Amino acid sequence: MKTVKGDLIQLATDGEFDVIVHGCNCFHTMGAGIAKTIAARFPAALEADKRTEYGVRTKLGTISIASVRVDAVNFTIVNAYTQFDWRGRGLKADYNAISSCFDDVAQRFPAARIGYPLIGAGLARGDWGEIEPRIQKALEGLDHTLVVYSG
């Protein structure tokens with residue numbers, strides 16, 4: 001896993017990634033964190049999310065996809081359903097869902113340059129020490145980069 005500091009969205013719009021992955025809940029709510037920025041800047045990502053079933057646990061571990069274009073740069077946004085909801089305290093990240101989402105990303109985008117934030121370890125309160133090896137295993141051998149936000 002390569003790690004860089006920066007802004008995942010800016011790097012994607014600059015053409016550094018073919019695919020960016022971010023964590024979502026299962027209730028069509030992109031109201032905080034990087035998801036809020038993605039929904040505002042790339043309505044197609046929110047539309048892809050809204051085409052999925054609302055509020056069902058079976059969505060955990062699945063993804064929805066939106067293709068976007070900014071000037072001459074094309075890339076894909078993956079909405080990864082890594083947490084059921086966002087309400088209340090405690091752990092919201094679902095570690096098995098994170099594994100499943102990244103397994104799917106690896107299957108669908110084996111030749112892509114993939115970027116992602118500290119998925120599940122921010123607002124979802126997951127343990128990066130638990131999450132990182134799952135991503136490493138799923139994306140082994142692929143071109144993937146963790147982008148630690150610095151703005």
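The values are calculated or read from the model by the stated rules, or taken from the named source; none is laboratory data. Source: prediction; values computed, not measured. Cβ atoms come from the backbone with ideal geometry, glycine included; neighbour counts cover every protein chain shown.
Summary table
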{"item": "Any hit, the stretch 99-107, residues being out of contact with any Ser or Thr (no Cβ under 9 Å at 6 or more places or on another chain), charged (D, E, K, R), assigned to a loop (DSSP other than H, G, I, E, B) and free of Cβ contacts under 8 Å to residues at least 60 places away in the same chain", "result": "no"}
{"item": "Filtered residues of the stretch 96-131 (kept if farther than 22 Å from Lys36 by Cα and of a type in the set (Phe, Trp, Tyr))", "result": "Phe109"}
{"item": "Of all residues making up the stretch 1-56, the number that are part of a loop (DSSP other than H, G, I, E, B), modelled with pLDDT under 95 and not β-branched (Val, Ile, Thr)", "result": "4"}
{"item": "Among the residues listed as Arg108, Arg134, the single one being surrounded by 12 or more Cβ atoms within 10 Å (Cβ to Cβ) and over 12 Å from Val21 (Cβ atoms)", "result": "Arg134"}
{"item": "Pair list, Cβ < 9 Å and 6+ apart or interchain, from the stretch 58-74 residues that are more than 16 Å from Arg113 (Cβ to Cβ) to residues that are assigned to a helix (DSSP H, G or I) and among the polar types (S, T, N, Q)", "result": "Leu60/Asn96; Leu60/Ser100; Gly61/Asn96; Gly61/Ser99; Gly61/Ser100; Thr62/Ser100; Ile63/Ser100; Asp71/Thr13"}
{"item": "Among residues of the stretch 108-141, those that are free of Cβ contacts under 8 Å to residues at least 60 places away in the same chain and of a type in the set (Ser, Thr, Tyr), counted", "result": "0"}
{"item": "The listed residue being closer than 23 Å to Ala12 by Cα, aliphatic (A, V, I, L, M) and touching a His at 6+ places or on another chain (Cβ under 6 Å), out of Ile119, Ile98, Ile114, Ile77", "result": "Ile114"}
{"item": "Pair list, Cβ < 6 Å and 6+ apart or interchain, from the stretch 1-29 residues that are farther than 12 Å from Leu118 by Cα and in contact (Cβ under 8 Å) with a residue 40 or more places away in the chain to residues that are among the aliphatic types (A, V, I, L, M) and in a loop (DSSP other than H, G, I, E, B)", "result": "Asp18/Ala112; Val19/Ala112"}
{"item": "Top-ranked residue in the stretch 73-93 [being outside any strand (DSSP E or B) and at pLDDT 95 or above; ranked as surrounded by the most Cβ atoms within 10 Å (Cβ to Cβ)]", "result": "Thr82"}
